[in-house]
Amino acid sequence: LTKTLANKRIFSNEEDASSHFSTVLFLQTIISTIFVVFGIICLIFLPDIVKINPRYIHETKIVFSLLIVSYAFWFPVITYISVLLSQQKMLLTNSILLIKNGFATILPLIFLEIVNLRMLSFSMSLLIANGFAAVIFFLLTRKVSPQIRFNLKFINRQKILEVFRYVKSFQLIKIAYIFKVSLLSIFINNFFGPIVLVSYSMTNKVLSMI
């Protein structure tokens, strides 16, 4: 989408630009819906997938539910970010993402200190940070490209196939990486316990800083 809308001829054409935007946003919404469905299935069987102390099962399920919501509505936001990037708004976009990440880092400390939400502090902070960024990106996109709007009649089936073919290999690699990292963490937790998992995670964090 970023590459397509960077073309001034397409960007200035309301119907053509809206067609590309609506098609990609529709695809992102489908991905988000699939994510929610799988998330709900995992939520139902969460105690069977991850070994959790029975005292924390209820709280863990609430945290997991908030994370599902937070990530689900972020998928469509990526479409709005692509529109801004197509118009060379990289500094502005990165600044908003930096503020979002700052919120997601600082808010848990506030929630832990003042409200004492424990595990909920982190998922609530991510939800608030993503919600803030989503609203800002939506408003900025409307300002930068008022001619672009979402409409079901603009969705192009041929473009859906083109986009799918283009991103298929990248998404498969991304999904494989996520599964590798996530499943490894689950295996470590289930077979060796949360203490070993924390040690493994902290070691990886240190390596990622190098």
What is the list of residues in region 46-67 whose amide nitrogen lies under 16 Å from a point 7 angstrom out from the Cα of ARG118, following Cα to Cβ? 52-65
Cα→Cβ-extended label distance, 7 Å offset, between THR33 and LEU92, nm: 3.1 nm
Proximal aspartates and glutamates relative to LYS143, as straight alpha-carbon distance under 19 Å, when same-chain residues fewer than 8 apart are discounted: GLU14, GLU15, ASP16
Once the convex hull of the C-alpha atoms of region 99-158 is built, how many Å³ does it hold per residue, rounded to a whole number? 127 Å³
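A short reminder: the numbers here are calculations on the coordinates, not readings from a lab. A quick note: this is a predicted structure, and the numbers were derived from the prediction, not measured. Every residue, glycine among them, receives a Cβ derived from its backbone with ideal geometry; neighbour counts consider all protein chains shown.
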